[in-house]
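Participant: Take a look at this one; I'll ask things after.
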Amino acid sequence: MTTESRGLYYGWIIAVSAGFILLVTNGMTLGGLNVFDKPLLAALGEAAGEPVRLDAFKLRDAVTLFVSGLMAPFAGAAADRFGVRPLMVAGALMLAAGYFLYSSVTSLTGIYWIHVLFAGALAGCGLVVNVILVSRWFVRNRGLALGIALAGTSLGNGTLPPVNAALMEALGWREALLWSSLLPLVLLPVIFFVVRERPASLAAEMPAGEGSATRMLEGMTLPQALRTVNFWILALIAMCTFFSIIGTQAHLNLYMLGRGFSQMDAGFSYTVLFYLGLLGKLGSGFLADRFGRKPVFIGTLSLMLAGAVVLLLPQEAVLWGGLTLFGLGWGGLYTLLQLLAADYFGPPHLGKILGAITVLDTFGGGLGPAVIGSLRESSGGYDSAFLMVAGLIAIALVLATRFRLDRRPAAA
């Protein structure tokens, strides 16, 4: 008896599993690592005999994102051809190794090499691979399913910073990193025993009256996608907004400490930002399935822009409101970018196409922490950096109005 005949579609288990995998991988490579910045900078400065520049330190994030972006097309192609599970296993092991090495690091060069491992982890069991997996299992409820999966990134980035801050306070930063290296190994039983590559049939997920499974599974090749305006709209929006979110979250801990907040408050700021992102991911997927992709797409960018503008204000009382709007908007946008790509280009070659988009979005994301760090070093504050963030989101909002889901070229 199949899961469909008992009323349970196994795709929902796949979506939750993908969310858990993303909780660990994104949470450990992004938000969860930033709470160690202050002791890391002190230790590196002591080892080098002079203070380490913040922009040089934050270049580690660019290493992760640039290298993972270069790996993404190859990882996507491998997932299309060989399946996602081998990539996920390799990614989990690289993430564990990276944290183990972080616990004894003494130089910036060592950190950069560790972040090459993190890039491999994200290419193997990060966003692209999990979006491919979930998109194979869903048609009718793809928006909600992707929202559930991508909520894992917010759960990870919202949960791990305060947890790591507490671990660091109890054990010291090196011991906290050492113990954290065990967490990625928890993914292995999920990958081996829960994740399945693709459904035997999509009958339980087919929208009524929309033709055959063949029609719903058709899609463009990468060369065809590159010739569409929509590909470049999505890629440029992703590049602008990834710069904004990755740059903002990379400096949020130091920004909060600089404004007089405690380390625990600084850790909690990630909880606000990314838990609201979680609500945005779930809510936008649900709303997009019911009220249309484009209105929700534009709405999420509008919320994100409003949050960026509020963060420019000097009053501390409104900071939490700005983080709320920014998180809600970013979370919703994160889901819509993947959903629009899956809808417009189709599942068969989605790995290659998402990989190509990822090259551009990780270029933007990789620049974010380093550029914002450089602006902070030169100006002594974050005002000019947040003004740049608001400007880039405004550009993305204008681009979103030009996306046309109803003008899909004929498939190959």
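Participant: Could you tell me which residue of the range 34-47 is farthest from G172 (Cα to Cα), considering only residues that are in contact (Cβ under 8 Å) with a residue 60 or more places away in the chain and of a type in the set (A, V, I, L, M, F, W, C)?
Facilitator: Here the residue is A47.
Participant: Being β-branched (V, I, T) and surrounded by 24 or more Cβ atoms within 10 Å (Cβ to Cβ) is true for just one of I132, I114. Which residue is that?
Facilitator: I132
Participant: Inspect the range 24-45 for any residue being in a loop (DSSP other than H, G, I, E, B) and aromatic (F, W, Y) and give the result as yes or no. Break it down stepwise before answering.
Facilitator: Of the residues in the range 24-45, the ones in a loop (DSSP other than H, G, I, E, B) are 30, 35-36.
When the remaining residues are screened for being aromatic (F, W, Y), the result is 36.
Yes, some residue in the range 24-45 is in a loop (DSSP other than H, G, I, E, B) and aromatic (F, W, Y).
Participant: When you scan the range 73-89, do you find a residue that is under 18 Å from the mean Cα position of the chain (by Cα), more than 25 Å from L182 (Cα to Cα) and either in contact (Cβ under 8 Å) with a residue 60 or more places away in the chain or not in a loop (DSSP other than H, G, I, E, B) (or both), even just one?
Facilitator: Narrowing the range 73-89 to residues under 18 Å from the mean Cα position of the chain (by Cα): 73, 75-76, 84, 87-88.
From what is left, the residues that are more than 25 Å from L182 (Cα to Cα) are 73, 76.
Keeping just the survivors that are either in contact (Cβ under 8 Å) with a residue 60 or more places away in the chain or not in a loop (DSSP other than H, G, I, E, B) (or both) gives 73, 76.
For the range 73-89, residues under 18 Å from the mean Cα position of the chain (by Cα), more than 25 Å from L182 (Cα to Cα) and either in contact (Cβ under 8 Å) with a residue 60 or more places away in the chain or not in a loop (DSSP other than H, G, I, E, B) (or both): present.
Participant: Does the range 225-246 include one or more residues that are part of a helix (DSSP H, G or I) and modelled with pLDDT under 85?
Facilitator: yes
Participant: Can you pull out every residue in the range 276-297 that is surrounded by fewer than 17 Cβ atoms within 10 Å (Cβ to Cβ) and part of a helix (DSSP H, G or I)?
Facilitator: Pass one, the range 276-297, residues surrounded by fewer than 17 Cβ atoms within 10 Å (Cβ to Cβ): 290-292, 295.
Correct list: R290, F291, P295.
Participant: Can you find, within the range 116-142, the residue that is farthest from I353 (Cα to Cα) among those that are of a type in the set (K, R) and assigned to a helix (DSSP H, G or I)? First the steps, then the outcome.
Facilitator: If we filter the range 116-142 for residues that are of a type in the set (K, R), which is where we start, we get 136, 140, 142.
Within this subset, residues satisfying the condition of being assigned to a helix (DSSP H, G or I) are 136, 142.
On the way: R136: 14, R142: 18 Å.
For the range 116-142, the residue satisfying everything is R142.
The values are calculated or read from the model by the stated rules, or taken from the named source; none is laboratory data. The structure presented is a predicted model; accordingly, all values stated were derived computationally and were not measured. No Cβ is skipped: glycine too gets one built from the backbone with ideal geometry, and neighbour counts run over all protein chains shown.
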